[in-house]
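The structure under discussion is supplied below as C-alpha coordinates; questions concerning it will follow.
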Amino acid sequence: LKQSSIGLLAFASLPQWLTAAETMHGMPMVQPRKASVNFKPDVELELYCQNAEAQILVGRKTRVQQYTAKLLHGPEHTVTEIPGSYLGPIIRLQKGQKVRINLHNRLDEDTITHWHGLHVPAEVDGHPMYAIGSGQTFVYEFEVANRACMAIYHPHPHEATAKQVYQGLAGAIIVNDEIEAALGLPTGEFEIPIVIQDRLFDGQNQLIYAPNMHSNMFGFYGNRILVNGHPELQLDVATRAYRLRFLNGSTARIYKLAWDDGTPMTVLGVDGGLLEQPEHKPYVMLVPGERLDVWADFSNRTLGSELVMRSLPFSGVLPHMGMGMMGHHGFGLPVGSDYAIFTARITKKVSDSPKLPIQLAKISRYGIDETHNPNKAVPITISEGHMAMLLNGRPYAYKDIQDRERIPLNTIQLMEISHEQGSGHGMMGMGGMGEGGGMGMGRMGMGGMQHGGMGGGMGMGGMMAMAHPIHLHGQSFQIVSRSIDSSRESDYATVNQGFINSGLKDTVLVMPGETVRIIKPFQDFKGLFMFHCHNLEHEDMGMMREFLVE
Ligand code: C2O
Ligand code: CU
(Lines give C-alpha, C1' and ligand atoms only; values in the text may rest on other atoms or scores of the structure.)
(Ligands and ions follow the chains in the order given, each with its own letter.)
Protein backbone atom coordinates (compact mmCIF):
# COMPACT_ATOMS: atom_id res chain seq x y z
CA LEU A 1 0.00 0.00 0.00
CA LYS A 2 2.75 2.36 0.99
CA GLN A 3 4.68 1.73 -2.18
CA SER A 4 1.78 2.30 -4.49
CA SER A 5 0.80 5.51 -2.80
CA ILE A 6 4.32 6.82 -3.32
CA GLY A 7 3.95 5.78 -6.93
CA LEU A 8 0.70 7.67 -7.28
CA LEU A 9 2.22 10.70 -5.73
CA ALA A 10 5.00 10.59 -8.26
CA PHE A 11 2.53 10.24 -11.07
CA ALA A 12 0.50 13.16 -9.83
CA SER A 13 3.51 15.42 -9.93
CA LEU A 14 4.59 14.42 -13.41
CA PRO A 15 3.40 16.03 -16.60
CA GLN A 16 0.42 14.70 -18.49
CA TRP A 17 2.33 12.83 -21.16
CA LEU A 18 3.33 10.16 -18.71
CA THR A 19 -0.06 8.60 -18.86
CA ALA A 20 0.08 8.45 -22.65
CA ALA A 21 0.71 5.29 -24.60
CA GLU A 22 4.08 3.69 -24.20
CA THR A 23 6.53 2.55 -26.80
CA MET A 24 8.09 -0.87 -27.02
CA HIS A 25 10.89 0.16 -24.70
CA GLY A 26 8.51 1.17 -21.95
CA MET A 27 9.09 4.83 -22.76
CA PRO A 28 6.13 7.16 -23.06
CA MET A 29 5.11 8.25 -26.55
CA VAL A 30 6.02 11.87 -26.89
CA GLN A 31 5.33 14.06 -29.88
CA PRO A 32 8.49 15.64 -31.32
CA ARG A 33 8.98 19.10 -29.88
CA LYS A 34 8.15 22.00 -32.18
CA ALA A 35 9.44 25.57 -32.30
CA SER A 36 7.75 27.92 -29.89
CA VAL A 37 6.61 31.24 -31.33
CA ASN A 38 7.76 33.23 -28.33
CA PHE A 39 11.34 32.09 -28.54
CA LYS A 40 13.47 34.52 -30.53
CA PRO A 41 16.76 32.79 -31.26
CA ASP A 42 20.08 34.61 -31.72
CA VAL A 43 21.38 31.51 -33.43
CA GLU A 44 19.46 28.93 -35.39
CA LEU A 45 20.77 25.89 -37.16
CA GLU A 46 19.65 22.75 -38.89
CA LEU A 47 21.33 19.63 -37.60
CA TYR A 48 21.07 16.46 -39.66
CA CYS A 49 21.82 12.88 -38.60
CA GLN A 50 22.48 10.75 -41.62
CA ASN A 51 24.29 7.81 -43.13
CA ALA A 52 27.45 8.86 -44.91
CA GLU A 53 30.86 7.68 -46.05
CA ALA A 54 34.16 8.99 -44.79
CA GLN A 55 37.76 8.59 -45.86
CA ILE A 56 39.28 7.36 -42.61
CA LEU A 57 41.84 4.76 -43.68
CA VAL A 58 43.79 4.50 -46.92
CA GLY A 59 41.72 2.88 -49.64
CA ARG A 60 38.08 2.14 -49.30
CA LYS A 61 35.81 4.65 -47.60
CA THR A 62 34.08 3.74 -44.34
CA ARG A 63 30.32 3.79 -43.88
CA VAL A 64 29.49 5.99 -40.92
CA GLN A 65 26.67 7.92 -39.35
CA GLN A 66 27.29 11.62 -39.27
CA TYR A 67 26.02 14.94 -37.99
CA THR A 68 26.06 17.79 -40.48
CA ALA A 69 24.81 21.30 -39.83
CA LYS A 70 23.60 24.32 -41.69
CA LEU A 71 23.54 27.73 -40.07
CA LEU A 72 20.24 29.53 -40.66
CA HIS A 73 21.20 32.65 -38.82
CA GLY A 74 23.73 33.84 -36.28
CA PRO A 75 27.48 34.53 -36.33
CA GLU A 76 29.27 32.74 -39.12
CA HIS A 77 31.78 31.05 -36.81
CA THR A 78 28.92 29.15 -35.13
CA VAL A 79 29.42 26.12 -37.36
CA THR A 80 32.93 24.96 -38.27
CA GLU A 81 33.56 21.71 -40.10
CA ILE A 82 36.55 19.59 -39.12
CA PRO A 83 38.10 19.00 -42.55
CA GLY A 84 37.79 15.45 -43.84
CA SER A 85 36.26 14.16 -40.60
CA TYR A 86 33.17 12.09 -39.97
CA LEU A 87 32.69 14.04 -36.75
CA GLY A 88 29.96 16.63 -36.59
CA PRO A 89 31.04 20.26 -37.02
CA ILE A 90 32.20 22.25 -34.04
CA ILE A 91 29.30 24.33 -32.78
CA ARG A 92 30.58 27.52 -31.19
CA LEU A 93 28.18 29.33 -28.89
CA GLN A 94 28.40 32.41 -26.71
CA LYS A 95 27.18 32.46 -23.13
CA GLY A 96 23.74 34.09 -23.01
CA GLN A 97 22.84 33.30 -26.61
CA LYS A 98 19.42 31.95 -27.38
CA VAL A 99 19.83 28.91 -29.55
CA ARG A 100 17.40 26.95 -31.71
CA ILE A 101 18.56 23.69 -33.24
CA ASN A 102 16.29 21.75 -35.56
CA LEU A 103 17.37 18.12 -35.41
CA HIS A 104 16.41 16.17 -38.53
CA ASN A 105 16.58 12.41 -38.29
CA ARG A 106 17.68 11.09 -41.69
CA LEU A 107 18.81 7.75 -40.28
CA ASP A 108 16.65 4.69 -40.60
CA GLU A 109 16.42 4.31 -36.83
CA ASP A 110 15.33 6.38 -33.84
CA THR A 111 17.63 8.97 -32.41
CA ILE A 112 17.74 12.02 -30.16
CA THR A 113 20.59 14.36 -29.32
CA HIS A 114 21.92 15.26 -25.88
CA TRP A 115 24.04 18.35 -25.15
CA HIS A 116 26.48 16.76 -22.75
CA GLY A 117 27.64 19.38 -20.26
CA LEU A 118 25.11 22.08 -21.06
CA HIS A 119 22.58 23.21 -18.48
CA VAL A 120 19.33 23.13 -20.45
CA PRO A 121 15.67 22.40 -19.64
CA ALA A 122 14.74 18.71 -19.28
CA GLU A 123 12.54 18.75 -22.37
CA VAL A 124 15.52 19.66 -24.56
CA ASP A 125 18.14 17.59 -22.74
CA GLY A 126 17.84 14.58 -25.02
CA HIS A 127 16.14 12.18 -22.62
CA PRO A 128 15.64 8.88 -24.50
CA MET A 129 11.87 9.24 -24.29
CA TYR A 130 12.14 12.09 -26.80
CA ALA A 131 13.73 9.93 -29.49
CA ILE A 132 12.32 10.70 -32.91
CA GLY A 133 11.78 8.30 -35.77
CA SER A 134 13.27 8.39 -39.22
CA GLY A 135 12.15 11.49 -41.10
CA GLN A 136 11.06 13.37 -38.00
CA THR A 137 12.32 16.69 -36.64
CA PHE A 138 12.82 17.71 -33.02
CA VAL A 139 13.27 21.38 -32.18
CA TYR A 140 15.63 22.31 -29.35
CA GLU A 141 15.46 25.77 -27.82
CA PHE A 142 17.62 26.92 -24.95
CA GLU A 143 19.67 29.77 -23.66
CA VAL A 144 23.37 29.15 -23.15
CA ALA A 145 23.73 29.28 -19.36
CA ASN A 146 27.19 27.72 -19.12
CA ARG A 147 30.42 29.57 -18.60
CA ALA A 148 33.07 29.08 -21.27
CA CYS A 149 33.62 25.35 -21.71
CA MET A 150 33.69 22.53 -24.17
CA ALA A 151 30.59 20.37 -24.33
CA ILE A 152 29.60 17.44 -26.53
CA TYR A 153 26.61 16.67 -28.65
CA HIS A 154 25.86 13.03 -29.13
CA PRO A 155 22.88 10.68 -29.48
CA HIS A 156 21.03 9.33 -26.46
CA PRO A 157 18.38 6.90 -27.71
CA HIS A 158 17.37 4.04 -25.46
CA GLU A 159 19.93 1.21 -25.58
CA ALA A 160 21.49 2.53 -28.79
CA THR A 161 23.70 5.38 -27.61
CA ALA A 162 26.95 3.43 -27.84
CA LYS A 163 26.24 2.09 -31.29
CA GLN A 164 25.35 5.49 -32.73
CA VAL A 165 28.30 7.26 -31.16
CA TYR A 166 30.54 4.46 -32.41
CA GLN A 167 29.20 4.85 -35.95
CA GLY A 168 30.29 8.48 -35.86
CA LEU A 169 27.53 10.58 -34.33
CA ALA A 170 29.34 13.03 -32.07
CA GLY A 171 30.60 16.56 -32.15
CA ALA A 172 32.06 19.28 -29.97
CA ILE A 173 30.36 22.40 -28.69
CA ILE A 174 32.58 25.25 -27.60
CA VAL A 175 31.03 27.89 -25.37
CA ASN A 176 32.82 31.22 -25.10
CA ASP A 177 32.31 34.03 -22.63
CA GLU A 178 33.85 37.42 -21.86
CA ILE A 179 35.95 36.27 -18.93
CA GLU A 180 37.68 33.73 -21.12
CA ALA A 181 38.08 36.21 -23.99
CA ALA A 182 39.90 38.66 -21.68
CA LEU A 183 42.60 36.04 -21.00
CA GLY A 184 43.89 36.14 -24.55
CA LEU A 185 44.25 32.38 -24.85
CA PRO A 186 45.23 31.02 -28.26
CA THR A 187 42.33 31.07 -30.72
CA GLY A 188 41.68 30.41 -34.39
CA GLU A 189 44.24 28.04 -35.90
CA PHE A 190 46.04 27.95 -32.53
CA GLU A 191 43.07 26.40 -30.74
CA ILE A 192 42.85 22.80 -31.85
CA PRO A 193 40.19 20.22 -30.99
CA ILE A 194 41.56 16.79 -30.09
CA VAL A 195 38.67 14.35 -30.17
CA ILE A 196 40.01 10.90 -29.31
CA GLN A 197 38.17 7.75 -30.30
CA ASP A 198 39.11 4.12 -30.82
CA ARG A 199 37.55 2.02 -33.54
CA LEU A 200 37.80 -1.51 -34.86
CA PHE A 201 37.98 -1.98 -38.65
CA ASP A 202 37.54 -5.02 -40.83
CA GLY A 203 39.59 -5.79 -43.94
CA GLN A 204 37.26 -3.66 -46.06
CA ASN A 205 37.86 -0.58 -43.90
CA GLN A 206 34.39 -0.92 -42.39
CA LEU A 207 33.64 -0.38 -38.73
CA ILE A 208 33.02 -3.48 -36.67
CA TYR A 209 30.63 -3.07 -33.81
CA ALA A 210 29.74 -6.43 -32.40
CA PRO A 211 28.96 -6.25 -28.71
CA ASN A 212 29.33 -9.59 -27.03
CA MET A 213 29.59 -10.94 -23.52
CA HIS A 214 33.02 -9.38 -23.06
CA SER A 215 32.10 -5.95 -24.30
CA ASN A 216 28.93 -5.92 -22.26
CA MET A 217 31.15 -6.25 -19.23
CA PHE A 218 34.08 -4.08 -20.20
CA GLY A 219 32.92 -1.98 -23.09
CA PHE A 220 33.88 -2.24 -26.72
CA TYR A 221 37.48 -1.48 -27.71
CA GLY A 222 38.98 -0.68 -31.07
CA ASN A 223 42.36 -1.41 -32.59
CA ARG A 224 42.91 2.04 -34.06
CA ILE A 225 43.14 5.39 -32.35
CA LEU A 226 41.47 8.18 -34.30
CA VAL A 227 41.91 11.85 -33.49
CA ASN A 228 39.35 14.16 -35.06
CA GLY A 229 38.44 11.20 -37.25
CA HIS A 230 41.97 10.55 -38.53
CA PRO A 231 44.38 7.71 -37.73
CA GLU A 232 47.96 8.63 -36.79
CA LEU A 233 47.19 12.31 -36.73
CA GLN A 234 50.12 14.59 -37.24
CA LEU A 235 49.77 18.24 -36.27
CA ASP A 236 52.10 20.72 -37.89
CA VAL A 237 52.74 23.40 -35.32
CA ALA A 238 54.76 26.59 -34.97
CA THR A 239 57.14 27.53 -32.15
CA ARG A 240 54.48 29.12 -29.96
CA ALA A 241 51.72 28.22 -27.50
CA TYR A 242 48.59 26.33 -28.52
CA ARG A 243 45.35 25.55 -26.80
CA LEU A 244 44.40 21.91 -27.25
CA ARG A 245 40.77 21.05 -26.52
CA PHE A 246 40.61 17.34 -25.73
CA LEU A 247 37.46 15.29 -25.70
CA ASN A 248 37.27 11.56 -25.10
CA GLY A 249 34.65 10.40 -27.59
CA SER A 250 35.42 6.70 -27.22
CA THR A 251 32.64 4.47 -26.04
CA ALA A 252 34.73 2.75 -23.34
CA ARG A 253 38.45 3.43 -23.59
CA ILE A 254 40.18 5.40 -20.85
CA TYR A 255 43.38 7.30 -21.65
CA LYS A 256 46.29 8.28 -19.46
CA LEU A 257 47.66 11.15 -21.49
CA ALA A 258 51.25 12.32 -21.34
CA TRP A 259 53.87 13.90 -23.59
CA ASP A 260 56.49 11.33 -24.55
CA ASP A 261 59.49 13.43 -23.47
CA GLY A 262 58.24 13.94 -19.93
CA THR A 263 57.05 17.52 -20.43
CA PRO A 264 54.28 18.05 -17.89
CA MET A 265 50.72 18.50 -19.09
CA THR A 266 49.60 22.07 -18.42
CA VAL A 267 45.89 21.96 -17.76
CA LEU A 268 43.74 25.06 -18.21
CA GLY A 269 40.35 23.52 -17.76
CA VAL A 270 38.10 20.48 -17.55
CA ASP A 271 34.49 19.55 -18.38
CA GLY A 272 32.86 22.66 -16.96
CA GLY A 273 35.44 25.17 -18.17
CA LEU A 274 38.54 26.92 -16.93
CA LEU A 275 40.30 26.20 -13.65
CA GLU A 276 41.25 29.07 -11.37
CA GLN A 277 44.95 28.52 -12.06
CA PRO A 278 46.73 26.27 -14.55
CA GLU A 279 47.81 22.92 -13.12
CA HIS A 280 50.88 20.99 -14.15
CA LYS A 281 50.55 17.22 -14.17
CA PRO A 282 52.85 14.34 -15.12
CA TYR A 283 49.87 12.79 -16.94
CA VAL A 284 46.12 13.32 -17.08
CA MET A 285 43.39 10.70 -17.09
CA LEU A 286 40.71 11.22 -19.72
CA VAL A 287 37.65 9.01 -19.51
CA PRO A 288 34.77 8.73 -21.98
CA GLY A 289 32.72 11.93 -21.90
CA GLU A 290 35.43 14.02 -20.24
CA ARG A 291 37.05 17.13 -21.71
CA LEU A 292 40.40 18.68 -21.07
CA ASP A 293 41.74 22.10 -21.96
CA VAL A 294 45.53 21.98 -22.37
CA TRP A 295 48.16 24.65 -22.87
CA ALA A 296 50.87 23.28 -25.17
CA ASP A 297 53.86 25.56 -25.59
CA PHE A 298 56.22 24.66 -28.41
CA SER A 299 58.17 27.95 -28.18
CA ASN A 300 61.53 26.45 -27.30
CA ARG A 301 61.34 23.51 -29.64
CA THR A 302 63.66 23.10 -32.58
CA LEU A 303 62.37 23.12 -36.09
CA GLY A 304 61.72 19.60 -37.36
CA SER A 305 61.48 18.04 -33.90
CA GLU A 306 58.50 15.96 -32.82
CA LEU A 307 56.54 15.54 -29.65
CA VAL A 308 54.19 12.61 -29.22
CA MET A 309 51.12 12.53 -27.04
CA ARG A 310 50.85 9.03 -25.63
CA SER A 311 48.52 7.01 -23.49
CA LEU A 312 50.52 5.37 -20.70
CA PRO A 313 49.87 2.01 -19.05
CA PHE A 314 47.87 1.86 -15.85
CA SER A 315 46.34 -0.90 -13.83
CA GLY A 316 43.20 -1.78 -12.02
CA VAL A 317 41.02 0.45 -14.12
CA LEU A 318 40.36 -2.06 -16.78
CA PRO A 319 41.32 -5.66 -17.15
CA HIS A 320 44.73 -6.10 -18.66
CA MET A 321 43.41 -8.10 -21.53
CA GLY A 322 45.91 -7.46 -24.21
CA MET A 323 45.06 -9.26 -27.37
CA GLY A 324 42.40 -11.29 -25.71
CA MET A 325 39.89 -8.51 -25.55
CA MET A 326 38.59 -8.75 -29.03
CA GLY A 327 38.52 -12.45 -29.51
CA HIS A 328 37.95 -13.39 -33.10
CA HIS A 329 37.99 -9.80 -34.25
CA GLY A 330 41.74 -9.95 -34.22
CA PHE A 331 43.98 -7.67 -32.29
CA GLY A 332 42.27 -5.16 -30.12
CA LEU A 333 44.63 -2.43 -29.05
CA PRO A 334 45.60 -3.57 -25.56
CA VAL A 335 43.73 -1.82 -22.83
CA GLY A 336 46.11 -0.23 -20.39
CA SER A 337 49.18 -0.49 -22.59
CA ASP A 338 51.30 2.29 -24.03
CA TYR A 339 50.43 3.73 -27.45
CA ALA A 340 50.54 6.96 -29.41
CA ILE A 341 47.59 9.33 -29.67
CA PHE A 342 49.00 11.94 -32.06
CA THR A 343 52.26 13.62 -33.05
CA ALA A 344 53.02 17.32 -33.02
CA ARG A 345 55.74 18.27 -35.49
CA ILE A 346 57.41 21.66 -35.30
CA THR A 347 57.35 22.96 -38.85
CA LYS A 348 57.44 26.72 -38.49
CA LYS A 349 59.50 29.23 -36.57
CA VAL A 350 57.73 32.28 -35.18
CA SER A 351 58.99 34.81 -32.66
CA ASP A 352 55.78 35.68 -30.90
CA SER A 353 53.71 33.65 -28.50
CA PRO A 354 51.02 34.36 -25.93
CA LYS A 355 52.08 33.81 -22.30
CA LEU A 356 50.43 31.38 -19.93
CA PRO A 357 48.12 33.38 -17.63
CA ILE A 358 48.75 32.91 -13.91
CA GLN A 359 45.10 33.34 -13.05
CA LEU A 360 42.36 31.87 -15.21
CA ALA A 361 38.68 32.17 -14.22
CA LYS A 362 37.05 32.32 -10.82
CA ILE A 363 34.88 29.41 -9.85
CA SER A 364 32.00 30.24 -7.54
CA ARG A 365 32.16 27.40 -5.09
CA TYR A 366 29.14 25.90 -3.43
CA GLY A 367 29.44 25.42 0.29
CA ILE A 368 28.19 22.26 1.92
CA ASP A 369 26.08 24.34 4.27
CA GLU A 370 24.10 25.54 1.29
CA THR A 371 23.04 22.01 0.49
CA HIS A 372 19.51 20.88 0.85
CA ASN A 373 20.35 18.35 3.50
CA PRO A 374 23.88 18.83 4.75
CA ASN A 375 23.95 15.73 6.90
CA LYS A 376 22.87 13.31 4.30
CA ALA A 377 24.52 12.78 0.96
CA VAL A 378 22.41 11.56 -1.94
CA PRO A 379 23.82 8.09 -2.62
CA ILE A 380 24.85 6.82 -6.02
CA THR A 381 26.18 3.31 -5.69
CA ILE A 382 27.98 1.32 -8.32
CA SER A 383 27.65 -2.42 -8.31
CA GLU A 384 28.95 -5.06 -10.63
CA GLY A 385 27.70 -8.51 -11.32
CA HIS A 386 28.50 -11.13 -13.89
CA MET A 387 25.95 -9.84 -16.32
CA ALA A 388 25.09 -6.35 -15.21
CA MET A 389 26.59 -3.09 -14.11
CA LEU A 390 24.17 -1.24 -11.92
CA LEU A 391 23.57 2.16 -10.38
CA ASN A 392 21.70 2.20 -7.11
CA GLY A 393 21.20 -1.52 -7.33
CA ARG A 394 19.04 -1.80 -10.41
CA PRO A 395 19.10 -1.44 -14.16
CA TYR A 396 17.47 1.55 -15.84
CA ALA A 397 13.73 1.30 -16.25
CA TYR A 398 11.61 4.28 -17.09
CA LYS A 399 8.76 2.77 -15.15
CA ASP A 400 10.63 2.80 -11.83
CA ILE A 401 8.47 5.68 -10.73
CA GLN A 402 8.37 5.02 -7.01
CA ASP A 403 12.07 4.39 -6.81
CA ARG A 404 13.20 7.24 -8.96
CA GLU A 405 15.78 9.48 -7.32
CA ARG A 406 13.95 12.68 -6.46
CA ILE A 407 15.56 16.05 -5.90
CA PRO A 408 13.78 19.24 -4.86
CA LEU A 409 14.19 22.05 -7.39
CA ASN A 410 16.66 24.83 -6.62
CA THR A 411 18.67 22.89 -4.10
CA ILE A 412 22.34 22.16 -3.94
CA GLN A 413 23.01 18.56 -3.08
CA LEU A 414 25.89 16.75 -1.54
CA MET A 415 26.16 13.43 -3.35
CA GLU A 416 28.27 10.38 -2.70
CA ILE A 417 29.24 8.10 -5.55
CA SER A 418 30.59 4.89 -4.15
CA HIS A 419 32.12 1.85 -5.74
CA GLU A 420 32.44 -0.35 -2.72
CA GLN A 421 32.33 -3.65 -4.47
CA GLY A 422 35.77 -2.97 -5.81
CA SER A 423 37.18 -3.29 -2.34
CA GLY A 424 36.00 -6.85 -2.03
CA HIS A 425 38.33 -9.75 -2.63
CA GLY A 426 37.72 -11.56 -5.84
CA MET A 427 38.09 -15.23 -6.44
CA MET A 428 40.58 -16.73 -8.78
CA GLY A 429 39.13 -16.94 -12.22
CA MET A 430 40.14 -19.31 -14.94
CA GLY A 431 40.09 -17.76 -18.35
CA GLY A 432 37.56 -19.32 -20.62
CA MET A 433 38.07 -20.45 -24.15
CA GLY A 434 38.27 -17.36 -26.26
CA GLU A 435 36.48 -16.88 -29.50
CA GLY A 436 39.87 -16.72 -31.11
CA GLY A 437 40.53 -20.20 -29.86
CA GLY A 438 43.16 -19.38 -27.29
CA MET A 439 43.03 -20.23 -23.65
CA GLY A 440 42.91 -17.19 -21.45
CA MET A 441 44.46 -17.46 -18.05
CA GLY A 442 43.14 -14.65 -16.00
CA ARG A 443 44.03 -13.84 -12.45
CA MET A 444 41.11 -12.05 -10.97
CA GLY A 445 42.51 -11.52 -7.57
CA MET A 446 41.54 -8.66 -5.32
CA GLY A 447 38.55 -7.86 -7.41
CA GLY A 448 40.49 -6.85 -10.45
CA MET A 449 41.68 -8.60 -13.56
CA GLN A 450 45.44 -8.39 -13.49
CA HIS A 451 46.49 -10.31 -16.55
CA GLY A 452 44.48 -11.19 -19.56
CA GLY A 453 44.46 -14.13 -21.79
CA MET A 454 46.03 -14.43 -25.16
CA GLY A 455 43.78 -15.17 -28.04
CA GLY A 456 40.44 -14.12 -26.75
CA GLY A 457 39.79 -15.82 -23.49
CA MET A 458 38.23 -13.86 -20.71
CA GLY A 459 37.80 -15.53 -17.40
CA MET A 460 34.28 -15.43 -16.10
CA GLY A 461 34.85 -17.37 -12.96
CA GLY A 462 35.73 -14.66 -10.52
CA MET A 463 34.62 -11.33 -9.30
CA MET A 464 35.83 -8.35 -11.17
CA ALA A 465 36.04 -4.68 -10.63
CA MET A 466 36.55 -1.85 -13.01
CA ALA A 467 36.45 1.89 -12.94
CA HIS A 468 33.35 3.65 -14.21
CA PRO A 469 33.13 7.17 -15.65
CA ILE A 470 29.97 8.49 -14.03
CA HIS A 471 28.19 11.33 -15.82
CA LEU A 472 25.39 13.45 -14.39
CA HIS A 473 23.23 15.56 -16.69
CA GLY A 474 22.42 19.13 -15.76
CA GLN A 475 24.68 21.59 -13.97
CA SER A 476 28.34 20.86 -13.38
CA PHE A 477 29.46 19.67 -9.98
CA GLN A 478 32.45 20.16 -7.74
CA ILE A 479 34.46 17.32 -6.32
CA VAL A 480 34.63 17.59 -2.52
CA SER A 481 36.63 14.52 -1.65
CA ARG A 482 37.85 11.21 -2.95
CA SER A 483 38.72 8.30 -0.74
CA ILE A 484 40.03 4.89 -1.63
CA ASP A 485 39.75 1.60 0.17
CA SER A 486 43.18 0.49 1.38
CA SER A 487 42.97 -2.79 -0.53
CA ARG A 488 42.80 -0.85 -3.79
CA GLU A 489 45.51 1.70 -3.11
CA SER A 490 48.14 0.27 -5.44
CA ASP A 491 45.90 0.44 -8.50
CA TYR A 492 44.82 3.90 -7.46
CA ALA A 493 48.41 5.05 -7.32
CA THR A 494 48.78 4.42 -11.06
CA VAL A 495 46.06 6.93 -11.96
CA ASN A 496 45.31 9.41 -9.21
CA GLN A 497 47.94 12.00 -10.07
CA GLY A 498 46.06 12.34 -13.33
CA PHE A 499 42.78 13.49 -11.77
CA ILE A 500 41.94 17.18 -11.88
CA ASN A 501 39.67 17.67 -8.89
CA SER A 502 39.68 21.45 -8.70
CA GLY A 503 37.46 22.33 -11.64
CA LEU A 504 33.79 22.03 -12.53
CA LYS A 505 32.93 18.55 -13.70
CA ASP A 506 30.09 16.60 -15.23
CA THR A 507 31.86 13.26 -15.58
CA VAL A 508 34.08 11.64 -12.98
CA LEU A 509 36.01 8.40 -12.95
CA VAL A 510 35.16 6.29 -9.94
CA MET A 511 37.78 3.66 -9.26
CA PRO A 512 37.10 0.26 -7.69
CA GLY A 513 37.00 0.79 -3.94
CA GLU A 514 36.59 4.53 -4.27
CA THR A 515 34.07 6.96 -2.83
CA VAL A 516 33.77 10.34 -4.53
CA ARG A 517 31.82 13.11 -2.82
CA ILE A 518 30.49 15.90 -5.00
CA ILE A 519 28.29 18.96 -4.66
CA LYS A 520 25.81 19.53 -7.45
CA PRO A 521 23.16 22.19 -7.91
CA PHE A 522 19.74 21.38 -9.33
CA GLN A 523 18.58 24.82 -10.32
CA ASP A 524 16.18 26.35 -12.81
CA PHE A 525 14.63 23.32 -14.46
CA LYS A 526 12.26 20.65 -13.28
CA GLY A 527 11.98 17.27 -14.90
CA LEU A 528 13.95 14.15 -15.62
CA PHE A 529 17.72 14.28 -15.90
CA MET A 530 19.77 11.19 -16.56
CA PHE A 531 22.82 10.02 -14.74
CA HIS A 532 24.77 7.06 -16.00
CA CYS A 533 28.04 5.39 -16.68
CA HIS A 534 29.69 6.98 -19.72
CA ASN A 535 31.18 3.68 -20.65
CA LEU A 536 28.47 3.70 -23.29
CA GLU A 537 28.18 -0.07 -23.47
CA HIS A 538 27.43 0.00 -19.75
CA GLU A 539 24.92 2.79 -20.23
CA ASP A 540 23.09 0.83 -22.90
CA MET A 541 23.09 -2.25 -20.67
CA GLY A 542 21.16 -0.25 -18.10
CA MET A 543 23.87 1.37 -15.97
CA MET A 544 21.74 4.47 -15.89
CA ARG A 545 19.19 6.13 -13.63
CA GLU A 546 17.47 9.48 -13.63
CA PHE A 547 16.77 12.28 -11.20
CA LEU A 548 13.31 13.68 -11.02
CA VAL A 549 13.83 17.33 -10.16
CA GLU A 550 10.55 18.66 -8.82
CU1 C2O B 1 27.31 12.14 -22.71
CU2 C2O B 1 23.84 11.07 -20.89
O3 C2O B 1 25.60 11.51 -21.89
CU1 CU C 1 30.52 1.58 -16.24
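If you roll a 1.4 angstrom probe over the protein chains with everything in place, what fraction of the accessible area of region 53-158 belongs to carbon and sulfur, to the nearest %? List each step's numbers first, then the result.
Numbers: 1760 of 3730 Å².
With neighbouring chains kept in place, the figure for region 53-158 is 47 percent.
Report, in listed order, any pair from Lys355/Lys520; Lys98/Lys526; Lys281/Lys362; Lys70/Lys98; Lys34/Lys98; Lys40/Lys362 with a Cα-Cα distance greater than 24 Å.
Exceeds cut-off: Lys355/Lys520; Lys40/Lys362.
Using +1 on the beta carbon of Lys and Arg, -1 on that of Asp and Glu, and nothing else charged, what's the dipole of region 32-80 about the Cα centre, debye to 20?
With Lys and Arg at +1 and Asp and Glu at -1, about 280 debye.
If I model a spin label as a point 7 Å beyond the Cα along the Cα-Cβ vector, how far apart are those points for Glu159 and Ala388 in nm?
1.3 nm
Right, something else. Run the dipole for region 205-269 about the Cα centre, Lys and Arg Cβ at +1, Asp and Glu Cβ at -1, nothing else charged, and hand back the magnitude in debye, nearest 20.
Charge dipole, region 205-269, about its Cα centre: 220 debye, nearest 20.
Now, a different point. Along each of its three principal axes, how wide is the spread of alpha-carbon positions in region 90-243, in whole angstrom units, largest first?
50, 42, 28
Relative contact order of region 76-202: what whole-number percent is it, with Cα pairs under 8 angstrom and at least 6 residues apart? List each step's numbers first, then the result.
Values: 224 pairs, mean separation 36.0, N = 127.
Normalised by residue count, the contact order of region 76-202 is 28 percent.
Could I ask something else about it? Per residue, how many Å² of accessible area does region 465-550 show with a 1.4 Å probe?
23 Å²
The values are calculated or read from the model by the stated rules, or taken from the named source; none is laboratory data. All values reported here derive from a predicted model rather than from experimental measurement. For neighbour counting, all protein chains shown are included, and Cβ atoms are generated from backbone atoms with ideal geometry for every residue, glycine included. Remember, those area values only see protein heavy atoms, side chains included, never the ligands or the DNA or RNA. Shrake-Rupley method; radii C 1.70, N 1.55, O 1.52, S 1.80 Å.
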